[in-house]
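**Q** This structure is in structure tokens; I'll ask about it shortly.
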Amino acid sequence: MKYVFIINPTAGKGKLQAPFVESVKEYFNKSGGEYEIFYTSKQGEAMEYSKKLAQSGEELRIYACGGEGTAYEVLNGIYGYDNVTLGVVPCGSANDYISYYSDKELFLDVPALIDGDELEVDLIKMGDKYALNSCSIGMDAMVASHMSKFKKWPFVSGKMAYVLALIYTFFSKMGVNLKIKIDDGEKIIEQKSLFAVVANAPYYGGGFYPTPKAEPFDGILDYSVISVVKRLKILSLLDDYRAGTHVGLDICKIGTCQKLEVVADREVPINMDGEITYSNKATFEIVKKGIKLVLPKTISSVWREKSGQVEATV
């Protein structure tokens with residue numbers, strides 16, 4: 001097996017990449033094995049390169065070393081190729097998907113990653129693209145769009161970038177009329193909403209908690225739809241949203257589904273793991289066990305047992 005590390009040198013302001021790469025080199029110099037380190041220089045390059053590698057047919061583990069955007073690109077480059085397993089190394093500012101499994105320090109432990117086991121995890125499909133963590137539409141996606149700008153500011157963390165983006169969005173037009181069809185019309189939500197989120201895991205936005213019961217291997221998607229509230233109530237709503245206590249509020253509709261279709265009354269930003277597109281409609285579907293994810297050896301047995309995938313895959 002060959003181990004490939006695709007490095008986004010600018011993710012997280014570049015603080016973690018150099019020591020991680022040195023650890024990779026040290027590991028393989030001592031232990032042997034075939035590996036490659038590839039640095040990206042532009043958006044989309046991680047997707048292009050990982051797809052090229054996957055098409056070779058060689059047995060590979062490709063580690064996306066960056067933030068959510070890097071993982072998104074590598075995932076979409078390798079999806080559909082059974083010869084490739086995805087690893088995620090959290091060098092970005094938030095890395096919310098990894099936060100579900102453990103503190104990110106464990107995912108920076110090179111020996112534990114190389115010796116890690118594989119867990120089959122679900123994906124979210126929208127059109128011909130796939131997300132690991134979450135997708136959203138409305139104000140929430142506007143925040144994700146603005147967040148990328150604030151993350152470039154010096155000394156601004158992922159959490160701070162989210163809050164700054166939220167404040168910026170606060171002064172924009174609030175709410176969008178959404179018609180949401182759940183599981184081919186078994187349930188329909190039609191209302192003016194701040195945003196709608198569909199997720200595989202509970203965290204996003206640098207630690208917010210929109211879907212507390214979401215799990216990335218349970219074969220279902222969790223959704224949360226928030227009604228429009230007065231501007232002065234948004235700040236208090238944020239506290240509930242960070243803690244997950246918004247679930248009990250009458251402005252929140254929450255549930256599970258296999259598919260969720262959204263139609264908006266105007267073109268709005270749509271967020272897939274931090275990647276933004278614009279449309280007035282979107283369809284999100286579960287892809288059960290869509291990718292094999294490498295978990296560090298130190299925690300892999302816990303998650304294999306919890307997911308029911310008891311036997312190690314390597």
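**Q** Could you grab me the full set of residues in the range 244-260 that are outside any loop (DSSP other than H, G, I, E, B), open to solvent by 60 Å² or more (accessible area, probe 1.4 Å) and either among the aliphatic types (A, V, I, L, M) or in contact (Cβ under 8 Å) with a residue 24 or more places away in the chain (or both)?
**A** Looking only at the range 244-260, we keep the residues that are outside any loop (DSSP other than H, G, I, E, B), and these are 245-248, 252-257, 259-260.
Pick out the ones that are also open to solvent by 60 Å² or more (accessible area, probe 1.4 Å) and you get 245, 248, 253-254, 256.
Listed by number, the residues that qualify are Lys253, Ile254, Thr256.
**Q** Still on this structure, please answer the following. Kindly establish whether Gly12 is over 24 Å from Asp115 (Cα atoms) and assigned to a helix (DSSP H, G or I).
**A** On the way: over 24 Å from Asp115 (Cα atoms): yes; assigned to a helix (DSSP H, G or I): yes.
In short, yes.
**Q** Which residues, taken from the range 152-175, are part of a loop (DSSP other than H, G, I, E, B), open to solvent by less than 70 Å² (accessible area, probe 1.4 Å) and either closer than 17 Å to Ile226 by Cβ or modelled with pLDDT under 70 (or both)?
**A** The initial filter retains those residues of the range 152-175 that are part of a loop (DSSP other than H, G, I, E, B), namely 152-157, 171-175.
Then drop every residue that is not open to solvent by less than 70 Å² (accessible area, probe 1.4 Å), which leaves 156-157, 172, 174-175.
Scanning the range 152-175 gives Ser157, Ser172, Met174, Gly175.
**Q** Is there any pair linking a residue in the range 179-204 that is closer than 20 Å to Lys288 by Cβ and open to solvent by 10 Å² or more (accessible area, probe 1.4 Å) to one that is part of a strand (DSSP E or B) and acidic (Asp, Glu), with Cβ under 9 Å and at least six apart or on different chains, and which?
**A** Cβ pairs passing all conditions: Asp184/Glu261.
**Q** Something else now. Just wondering, is there one or more residues in the range 28-38 that are open to solvent by 10 Å² or more (accessible area, probe 1.4 Å), within 24 Å of the chain's Cα centre (by Cα) and of a type outside the set (Asp, Glu)?
**A** Yes.
**Q** Kindly check whether there is at least one residue in the range 235-242 that is open to solvent by 10 Å² or more (accessible area, probe 1.4 Å), assigned to a loop (DSSP other than H, G, I, E, B) and in contact (Cβ under 8 Å) with a residue 12 or more places away in the chain.
**A** no
**Q** Within the range 218-234, restricting attention to residues that are more than 19 Å from Glu68 (Cβ to Cβ) and among the hydrophobic types (A, V, I, L, M, F, W, C), which residue is surrounded by the fewest Cβ atoms within 10 Å (Cβ to Cβ)?
**A** Residue satisfying both the conditions and the ranking: Leu232.
The values are calculated or read from the model by the stated rules, or taken from the named source; none is laboratory data. In this text the structure is predicted, and so the values were computed from the model without any measurement. Every residue, glycine among them, receives a Cβ derived from its backbone with ideal geometry; neighbour counts consider all protein chains shown. With ligands, DNA and RNA removed, areas are computed over all heavy atoms of the protein, side chains included. Shrake-Rupley method; radii C 1.70, N 1.55, O 1.52, S 1.80 Å.
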